[in-house]
Amino acid sequence: MKCSNCDKEYPSGFYFSTPSICTECFDKLPPEQQAALQEESRDFKREREEGKPYPVLRTIAVIYKILAVLSVIGGFIGLVVGIVLFASGDFDKAWAVAAISIFYGTMGLISSLAISEGIGLLLEVENNSRINRKLITSLLNNLKKA
Ligand SMILES: [Zn+2]
């Protein structure tokens, strides 16, 4: 994105106060001009703020996905240890290590994915109801006009 005032290039709308003017330039403008532009760019700002809601939940969902992968890796390492013990003739320990690794690896994988997907589902439901609310509001407005 490029500022139409100073021609500086910015990575995203985050650095902009209006669709075309960066925050830095905007702050230098006279107050009456700021007010006029602010009115014009109200929708722009609202959209920017609504872009990605619940950043913390999103991060947690990603963390649980990583934990799911780590569970698989941990389970696999445990299994390798079990096989090594088996090869060395320590059968009792080998079975115990292998069984525990498979159990905790699978449990870790399933619960991490379930939590991650659960958060994703909640976010999707929330997003859907927000879209529905917007649609219903515009529908009611159109009905009022008719
Ligand atoms: Zn600028």
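The values are calculated or read from the model by the stated rules, or taken from the named source; none is laboratory data. Computed from a predicted structure; not experimentally measured. Positions of Cβ are backbone-derived with ideal geometry, glycine not excepted, and every protein chain shown enters the neighbour counts.
Points to keep in mind about this one:
- The range 32-53 - residue that is at pLDDT below 70 and not in a helix (DSSP H, G or I) and, of those, nearest to the chain's Cα centre (by Cα): 52
- Cβ-Cβ contacts under 9 Å between residues 6 or more apart (or on different chains), taken from a first residue in the range 1-25 that is acidic (Asp, Glu) to a second residue that is within 10 Å of the ligand (Cβ to nearest atom) and part of a strand (DSSP E or B), are listed as 9/2.
Residue by residue, here is whether (1) over 30 Å from residue 54 (Cβ atoms); (2) of a type in the set (Asp, Glu) holds:
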residue	(1), (2)
74	no, no
79	yes, no
91	yes, no
97	yes, no
101	yes, no
109	no, no
117	no, yes
136	no, no
146	yes, no
